Amino acid sequence: MAKSAGSEPLNGPMQRLEQIAHLVRSSRNAFTTLDRALHTLTEVLGARGGAIVLADASPKRQQEWACGDDQRQIIQMGRELVDGVEAHGEATARHTVLPGSRPGRTSEGMVLSTPLTGVQQAIGVMVIFCLKQPPVPLGTALACLNVVGTVLGCHLQTASLQERLKAQPDATSDAAAGLAASYNPDQIVGHSARMKAIMHEIQQAANSRSTILLRGESGTGKELVARALHKLSARRQQPFVKLNCAALPETLLESELFGHEKGAFTGAVKTRRGRFELADNGTLFLDEIGDMSLAMQVKLLRVLQERNFERVGGHRPISVDVRIIAATNVDLEEAVRHRHFREDLYYRLHVVPIVLPSLRERREDIPSLVGYFLARFNAENRKHLKISSAAMDLIVEYDWPGNVRELENCVERMVVMTRRDIVAPEDVPLSMSLSPPPLAAVAETPAPSPETRSSTLPKAVAEIERERLVEALQTSGGVQTRAAMLLGITPRQLGYKLKKYRIAPKTLIG
Ligand SMILES: Nc1ncnc2c1ncn2[C@@H]1O[C@H](COP(=O)(O)OP(=O)(O)O)[C@@H](O)[C@H]1O
Ligand SMILES: [Mg+2]
């Protein structure tokens, strides 16, 4: 017993180092390798969580990765360390108290960090946070970090050089070449447990022919996942055809799906193939399937069952080999109950459901998404905007009713509109988003009469707070920094409160 306890801890890191060396040797994507190496190391050190933060000079696809718990706080430590990172730096350990995700909660432990260094260049930092002593001697842990930091740093440096070389032939045309090298529209960003589970489901489902139903609120990435499923399948060389079932009136939808024969209806001057035929051997993505009319549902069900159909105005059955991926944000069970959606079609589609979580349910992914979009819009706008941690906190706390699509738009506006180099909380254009409901209503609500006055103290306090916020914003003409000053709070606190009470400053003015 004593033997295994003695040899295992020393063997463990050695084996893991070999694994990491293997990851690097067989790497196709430096960033995926980085992420996997981080996971491996966090695991071997029994750490609570870990993060990698890249310095500015590194390739700009994504800047931050994290795994485990307390990711935001660990990323934050990484950000603080990355500015001072030096090419000849070494791994260090220090005792630290990490602020918790909720006020008043802290975690005490040890932070191990190492620079990621290439040849004469600091590329970033890796931070590992352990609540208890690592299961290996501290010296061994630091030696491991030193080795991994250098291996990963050199790997990134090489990958970035390769990327630049590849981009060179176009470099004369425009800086757009740099953009092409750094932004990949197919990338699914997210390291939360929920997203990892989804990536796993995608891998599993991609190669079967089963119908897949993608569910989730608007903007959660259903189409992105549909494309990923296609790209990972054996059909990847064949067409991916998309049709939005909500966008077309019924008759048009029918001829779009099944095609039509010449003369089938006025205007059908020649025979036209429908999306089913166009997608033959490939994938047909039926978006917003929950909005399809009952009559179309019957027709679709028939094709799914019999795998053949006729063109509109035609009589010859056409059979195709198509993999169907459907998507909806509608509550299909509810629609079935109300008879807006056919139960038999529901079961046909519901073979492999994949449910995409809202952004609110995976806030830990927000920093990486922001980094990803920031890199993209910076490149598109030829800017070098960075984001302050206060602004990032505000973004992470926000509710994102429009999910990743809303976040993407927000970052784009932020990049276009912000004049300084570092985004402050007041530069984050959250209030322009979809959900600025009844501020006008708030402002116009008459003072409560004694009878209707809020019954509990917290409610009454909230009401007063909201009134004061509205007042201050009106006085300041909607300028948030001034309003915050008037109220004696920081702009960041003001930002939180505006979100909390769903107050949109813009609707208050004029
Ligand atoms: N996990 C993700 N990583 C990167 N981009 C994402 C992610 N999820 C969504 N997006 C982006 O957000 C936008 C909305 O995604 P989309 O797939 O159209 O959502 P949906 O079909 O669910 O409405 C797209 O620009 C998409 O590329
Ligand atoms: Mg969509």
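The values are calculated or read from the model by the stated rules, or taken from the named source; none is laboratory data. Since this is a predicted model, take the numbers as computed values, not measurements. Virtual Cβ from ideal backbone geometry, glycine too; neighbours counted across all protein chains shown. Surface accessibility is based on the protein's heavy atoms, side chains included, excluding ligands, DNA and RNA. Shrake-Rupley method; radii C 1.70, N 1.55, O 1.52, S 1.80 Å.
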Nitroxide proxy distance, nm - points 7 Å out along Cα→Cβ at GLU333 and ALA87 | 5.9 nm
Round to the nearest 10 and report in Å² the accessible area of LYS299, as given by a 1.4 Å probe over the protein chains' heavy atoms.
-> 80 Å²
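Longest segment of the chain with no GluC sites (Glu not before Pro) in a DSSP loop having at most 11 other Cβ atoms within 10 Å? Intermediate results must be reported in sequence, preceding the final value.
Details: sites that count: GLU86, GLU451.
For GluC sites (Glu not before Pro) (loop position, at most 11 other Cβ atoms within 10 Å), the longest site-free span of the chain is 87-450.
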Expressed in nm to one decimal, what extension gain is obtained for the pair LYS386 and HIS340 from 0.36 nm per residue of sequence separation less their Cα-Cα distance?
-> 11.8 nm
Which log10 I(q)/I(0) values, to two decimals, does the chain give at q = 0.06 Å⁻¹ under the Debye formula with one point per Cα?
-> -0.39
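By how many nm would the segment from GLU18 to GLU43 lengthen if fully extended, with 0.36 nm per residue of separation less the alpha-carbon distance? Mind dumping the intermediate values first?
Working: separation 25, 0.36 × 25 = 9.00 nm, distance 1.45 nm.
Net length gain for the segment: 7.5 nm.
Using 0.36 nm times the number of residues separating LYS499 and ASN207, minus their current alpha carbon distance, what extension gain do you get? It would help to have the intermediate numbers written out before the result.
Details: separation 292, 0.36 × 292 = 105.12 nm, distance 4.30 nm.
Once the chain is fully extended between LYS499 and ASN207, it gains 100.8 nm.
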Förster-model FRET efficiency, 30 Å R0, SER293 and SER319, C-beta, rounded to 0.05 = 0.75
What accessible surface, in Å², does a 1.4 Å probe find on TYR496, ignoring ligands, DNA and RNA and rounding to the nearest 10?
-> 70 Å²
Note down the accessible area of ASP344, probe 1.4 Å, to the nearest 10 Å².
-> 60 Å²
Whether segment 228-367 is rounded, prolate or oblate, judged on the alpha carbon gyration tensor where a/c under 1.5 counts as rounded = prolate
For the pair ALA460 and ALA247, the simple spin-label estimate (label points 7 Å beyond Cα toward Cβ) gives in nm 5.5 nm
Counting only residues 5 or more apart in sequence or on a different chain, those whose built amide H sits under 5 Å from that of LYS242 are PHE285
Percent of accessible area on the chain owned by carbon and sulfur, 1.4 Å probe?
-> 53 percent
Hey, which of these cross-link pairs are over 25 Å Cα-Cα: LYS231/LYS386; LYS383/LYS497; LYS262/LYS299; LYS222/LYS499?
-> LYS231/LYS386; LYS383/LYS497; LYS222/LYS499
